[in-house]
1. Looking only at region 148-175, count how many residues are in a loop (DSSP other than H, G, I, E, B) and under 17 Å from PRO30 (Cβ atoms).
2. Can you pull out the residues in region 42-63 that are within 26 Å of GLY156 (Cα to Cα), out of contact with any Phe, Trp or Tyr (no Cβ under 8 Å at 6 or more places or on another chain), surrounded by 15 or more Cβ atoms within 10 Å (Cβ to Cβ) and among the β-branched types (Val, Ile, Thr)?
3. Output yes when any residue across region 109-120 is touching a residue at least 40 places away in the same chain (Cβ under 8 Å) and basic (Lys, Arg), and no when none is.
4. Starting from region 40-63, take each residue that is closer than 20 Å to ILE151 by Cα and list its partners that are at pLDDT below 75 and surrounded by fewer than 18 Cβ atoms within 10 Å (Cβ to Cβ), counting only C-beta distances under 7 angstrom and pairs at least six apart or across chains.
5. Could you say which residue among VAL31, VAL6 is crowded, with 19+ Cβ neighbours inside 10 Å, among the hydrophobic types (A, V, I, L, M, F, W, C), more than 24 Å from ASN135 (Cα to Cα) and in contact with a helix residue (DSSP H, G or I) (Cβ under 7 Å, 6 or more places away or on another chain)?
6. Is there any pair with a first residue in region 1-16 that is over 14 Å from SER147 (Cα atoms) and assigned to a strand (DSSP E or B) and a second that is hydrophobic (A, V, I, L, M, F, W, C) and at pLDDT below 90 whose Cβ atoms are under 7 Å apart and which are 6 or more apart or on different chains, and what are they?
7. Would you confirm whether any residue within region 115-134 is out of contact with any His (no Cβ under 7 Å at 6 or more places or on another chain), of a type in the set (Phe, Trp, Tyr) and at pLDDT 90 or above?
8. When LYS198 is evaluated against the numbered criteria (1) touching a Lys or Arg at 6+ places or on another chain (Cβ under 9 Å); (2) under 16 Å from HIS136 (Cβ atoms); (3) at pLDDT below 80; (4) surrounded by fewer than 17 Cβ atoms within 10 Å (Cβ to Cβ), which criterion, by number, is the only one it fails?
Amino acid sequence: MVTEKVKDLLLNKMNMIKKPGEQDICLVGPVNLPVQLDDQIVTFQWYTWLKIEDEMSTEDVLNTLSKTNLAAMQQSSVLVYGDFDSENDALIRMHSICHTGDIFGSKRCDCGFQLRESMRMIVAGGCGALFYLANHEGRGIGLFSKSLAYILQQEGFDTVEANLELGFKDDSRSYEDAIRVLSELRAKPVTLITNNPKKLAALKEYGLLSDTHIPLWGDVSEYNKKYLTTKVEKSGHIPAKEEITTI
């Protein structure tokens, strides 16, 4: 259940759009989204919306948010490069979808950079696969919920606190399906591209054959410094280079 303090912060950013004979639409926004656009950073206003099945208020939407598996309504894919089945060495990236970072180039995170850079690393290594996990948006809470978490982050909450305040776990992601696909495509060990040793441990639980991982940091800016610091301090990620603490 969302706390009263959090409700006060979020409800004024939520609006129910009604039309006779049609499902209501819950609109969330605006959220400030600094985006790298060519050689400049432009701040956009980002909105998301959700169709509502039953008669609900914006408060009802908040109260049922963590019980609705919004992230599971998308499909995942994988990009494979090289002789993936037989090469001895292969790089793997289990990339969680980030609508804002991957598509728009948002500077609030480092996801877009990690997506493109991991693809470059796989090609340079000659063999590998990038799994694009569509049900991992916002660490598994879905795009609509992520927009609410972003509003809380603008009010001073960090990533972990925002997810918890909305009634979710800090990290709700599962890798079971991706591991099943990987096992179908390759039987040999792999090297995982990640900053998160906990991710490697979770993947091993599902049978991933990997003893090594390669960290991937970059695109550090004033906009994502707190986000990256929280990854290290609260989510156990491998500490980044010194520039994260000096920007």
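1. Here is the first cut: in region 148-175, the residues in a loop (DSSP other than H, G, I, E, B) are 155-158, 166-175.
So of that shortlist, the ones also under 17 Å from PRO30 (Cβ atoms) come out as 155.
Of the residues in region 148-175, 1 are in a loop (DSSP other than H, G, I, E, B) and under 17 Å from PRO30 (Cβ atoms).
2. Across region 42-63, the qualifying residues are THR58, VAL61.
3. Within region 109-120, the subset touching a residue at least 40 places away in the same chain (Cβ under 8 Å) is 109-110, 112-114, 117-119.
From the residues that got through so far, the ones that are basic (Lys, Arg) too are none.
Among the residues of region 109-120, not one is touching a residue at least 40 places away in the same chain (Cβ under 8 Å) and basic (Lys, Arg), which makes the answer no.
4. Within 7 Å, the pairs are ASN63/MET1.
5. VAL6
6. Within 7 Å, the pairs are MET16/CYS26.
7. We begin by selecting, within region 115-134, every residue out of contact with any His (no Cβ under 7 Å at 6 or more places or on another chain); these are 116-117, 119-129, 134.
Add one more test, that the residue is of a type in the set (Phe, Trp, Tyr), and what stays is none.
No, that holds for no residue.
8. (1)
The values are calculated or read from the model by the stated rules, or taken from the named source; none is laboratory data. All of these numbers come straight from a predicted model, not from anything done at the bench. Don't worry about glycine lacking a Cβ; one is built from the backbone with ideal geometry, like all the others, and counts go over all protein chains shown.
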